[in-house]
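The values are calculated or read from the model by the stated rules, or taken from the named source; none is laboratory data. Computed from a prediction, not measured in an experiment: that's the story for all the values here. Cβ placement follows ideal geometry from the backbone for every residue including glycine, while neighbour counts extend to all protein chains displayed.
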């Protein structure tokens, strides 16, 4: 984790501007519920409240910033049309804002954007949204969107690095403080480009200065973490785009400066932990969240000692998950929890070798979930790619011991990131 710096120059968002944004958003964005979660509260020995932005009209908070900015633009500017770039949620917010304001919007999205989000953009924008799929990451789509806006003299609606956008996102914090009946000790906010934590953090610093604000980023895209750590705006060479709502190579200049002032810490959460949290929320709470929406809850384990007995708010930023990603989410979760392992195992090319492995090596609750093997007649042994799921994390050591005891030649693949990505 990294802690905030004291010398940032960018002014934080003013409270009065957040109230003005709230007025603009009436009838457009919902005031989402702040709910105590009994299971999480019992697990961590504190009061955990979830700010349910996954229940927002576009299933994320992004409509707040997009509409707040667009509704303040002159009519003649809007008439020219607008352009935006997004990994999904900002696009949906802009699309709905376009429909509400009767404005044509050209929306650039990465080609890997989940189909569910693309379809929602079409649904919310109707005839006012034109979708352009391009590039592999948000940053690719962003670069081309900016060029398009400049070439066609259209206004670019930034997903996070604009004061009006930040003011709109800050209304999430305003609602939290209006609805919470007791002082808030810890506020956990997901971090992508930094718009949400800049807005909510600014409001809290004025209205609830004793609240400790914790920003949470995916470990595979630590743009804000590295920027604060290095005390400069950092552009990452590559990122893991899995947490698509929070995976950017570079945060905003304004949001970087504000976040340095308002966030006590920025912490990283492994994508596998995010997946595990998504599954637990669904199976135990019936809550469907996207990867970015699970970030704050996934971070609670890192703070379980200090939050005991405290009042904690986690912002659940979005619920735009794609059902086609379910198997990958399950696989990543099992891998992170130490319940799924892959090996290359060299089996003797004789009858009964596989049966020996099943009888002598596999434990009573171990399960083979993946097996690829091609017999080579001119060799003494042949490699097989084997995936094994264990019931408990501790069962892994016994599995390894038995393979060594019965002289099976094997190589674990769990530490190979390239092979892991190939397999799932």
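Strands (runs of 3 or more DSSP E) wholly in segment 49-151 with at least 1 residues that are on the phi < 0 side of the Ramachandran plot, surrounded by fewer than 17 Cβ atoms within 10 Å (Cβ to Cβ) and outside the structural domain of residue 310 (by TED's automatic domain parsing) - which ones?
Those strands (runs of 3 or more DSSP E) span 129-133.
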For residue 28, which of the numbered conditions (1) surrounded by 16 or more Cβ atoms within 10 Å (Cβ to Cβ); (2) without any contact (Cβ under 8 Å) to a residue 40 or more places away in the chain; (3) assigned by TED's automatic domain parsing to the domain that holds residue 321 fails to hold? (2)
Strands (runs of 3 or more DSSP E) wholly inside segment 342-424 containing at least 1 residues that are modelled with pLDDT of 90 or more and farther than 28 Å from residue 329 by Cα: 409-412
Restricting attention to segment 271-314, which residues are surrounded by 16 or more Cβ atoms within 10 Å (Cβ to Cβ), under 22 Å from residue 90 (Cβ atoms) and out of contact with any strand residue (DSSP E or B) (no Cβ under 9 Å at 6 or more places or on another chain)? 278
Complete set of residues in segment 222-246 that are assigned to a loop (DSSP other than H, G, I, E, B) and touching a strand residue (DSSP E or B) at 6+ places or on another chain (Cβ under 6 Å): 222, 243, 245, 246
Can you tell me how many residues within segment 181-203 are within 11 Å of residue 12 (Cα to Cα) and out of contact with any strand residue (DSSP E or B) (no Cβ under 6 Å at 6 or more places or on another chain)? 4
Please verify whether residue 34 is surrounded by 24 or more Cβ atoms within 10 Å (Cβ to Cβ), assigned by TED's automatic domain parsing to the domain that holds residue 207, in contact (Cβ under 8 Å) with a residue 24 or more places away in the chain and more than 19 Å from residue 161 (Cα to Cα), treating the condition exactly as stated. no
Only one of 188, 204 is without any contact (Cβ under 8 Å) to a residue 60 or more places away in the chain, touching a helix residue (DSSP H, G or I) at 6+ places or on another chain (Cβ under 8 Å) and surrounded by 24 or more Cβ atoms within 10 Å (Cβ to Cβ), namely 204
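Sort through 168, 173 and tell me the only one that's surrounded by 20 or more Cβ atoms within 10 Å (Cβ to Cβ), in contact with a strand residue (DSSP E or B) (Cβ under 9 Å, 6 or more places away or on another chain), outside the structural domain of residue 96 (by TED's automatic domain parsing) and within 30 Å of residue 19 (Cα to Cα).
None of the other options fit; the residue is 173.
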How many of the residues making up segment 255-270 are within 20 Å of residue 244 (Cβ to Cβ) and either at pLDDT below 95 or out of contact with any strand residue (DSSP E or B) (no Cβ under 7 Å at 6 or more places or on another chain) (or both)? 2
Going by what's in this entry, would residue 194 be described as touching a residue at least 40 places away in the same chain (Cβ under 8 Å), under 18 Å from the mean Cα position of the chain (by Cα), more than 16 Å from residue 59 (Cβ to Cβ) and buried (at least 24 other Cβ atoms within 10 Å of the Cβ)? yes
Residues being closer than 16 Å to residue 64 by Cα and part of a helix (DSSP H, G or I) - total across segment 174-221: 12
